[in-house]
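The values are calculated or read from the model by the stated rules, or taken from the named source; none is laboratory data. Remember, predicted model here, so these are calculated numbers, not experimental data. So basically every Cβ, Gly included, is an ideal-geometry build from the backbone, and we count neighbours across all protein chains shown. These accessible areas exclude ligands, DNA and RNA; they are computed on the full protein's heavy atoms, side chains included. Shrake-Rupley method; radii C 1.70, N 1.55, O 1.52, S 1.80 Å.
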Amino acid sequence: MAFLKEFKEFAMRGNVIDMAVGVVIGGAFGKIISSLVDDIIMPLVGVATGGMNFTDYKLVIQQAVVDGQTQEILKPEVSLNWGTWVQTLVDFLIVAFCIFVAIKAINQLKRQKQEEPAPEAPAEPSKEEVLLTEIRDLLREQKK
């Protein structure tokens, strides 16, 4: 029961709307990064590596069984699609790097804001200071 109570406290901490907005923006950001990887970076990597398309690379464990007459697939191919994994890994690294840069920039802005000294507000004079000021003013008047 303590575990569930701890989970409830964790889940209820923070602002749910902020989290929902973060998830929506994160999803959209993920699509942008996926497009960047799929449509820009990986084709360039393919050209640099002699026209390789990583998503086509796989290790076939069991060939597909196809009916010779009808060409119907009786048993699908079993394979490890390591090229797709490489593509996903590159996607993850780019997303992680972008998030790192964004958080680093936000933290730097926070530090700059904290380092700026706040203008000092004039302090209210204490009762003693007010009394001493009145005494000083009275002494000045007597000298005149």
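Rundown of residues vs (1) in a helix (DSSP H, G or I); (2) surrounded by 10 or more Cβ atoms within 10 Å (Cβ to Cβ), yes/no style:
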site: 124; (1), (2): no, no
site: 128; (1), (2): yes, no
site: 132; (1), (2): yes, yes
site: 140; (1), (2): yes, no
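So which of 112, 108 ends up being over 30 Å from residue 56 (Cα atoms), without any contact (Cβ under 8 Å) to a residue 12 or more places away in the chain, exposed (fewer than 11 other Cβ atoms within 10 Å of the Cβ) and within 20 Å of the chain's Cα centre (by Cα)?
Values: 112 fails: within 20 Å of the chain's Cα centre (by Cα).
On inspection, the qualifying residue turns out to be 108.
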TODO: Identify, from the list 101, 95, the residue that is in contact (Cβ under 8 Å) with a residue 60 or more places away in the chain, of a type outside the set (D, E, K, R), under 30 Å from residue 34 (Cα atoms) and open to solvent by less than 80 Å² (accessible area, probe 1.4 Å).
DONE: 95
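Determine, yes or no, whether residue 33 is within 20 Å of residue 85 (Cβ to Cβ) and either in contact (Cβ under 8 Å) with a residue 60 or more places away in the chain or touching a Pro at 6+ places or on another chain (Cβ under 6 Å) (or both).
On the way: within 20 Å of residue 85 (Cβ to Cβ): yes; either in contact (Cβ under 8 Å) with a residue 60 or more places away in the chain or touching a Pro at 6+ places or on another chain (Cβ under 6 Å) (or both): yes.
Yes, satisfied.
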Task: Test set (1) in contact with a strand residue (DSSP E or B) (Cβ under 8 Å, 6 or more places away or on another chain); (2) open to solvent by less than 100 Å² (accessible area, probe 1.4 Å) - residue 89 fails condition number - done: (1)
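Going by what's in this entry, would residue 19 be described as modelled with pLDDT under 85, open to solvent by 50 Å² or more (accessible area, probe 1.4 Å), in a helix (DSSP H, G or I) and out of contact with any Ser or Thr (no Cβ under 9 Å at 6 or more places or on another chain)?
Here the answer is yes, as residue 19 does meet what is asked.
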Task: Among residues of segment 50-80, those that are at pLDDT 90 or above, within 30 Å of residue 30 (Cβ to Cβ) and among the polar types (S, T, N, Q), counted - done: 1
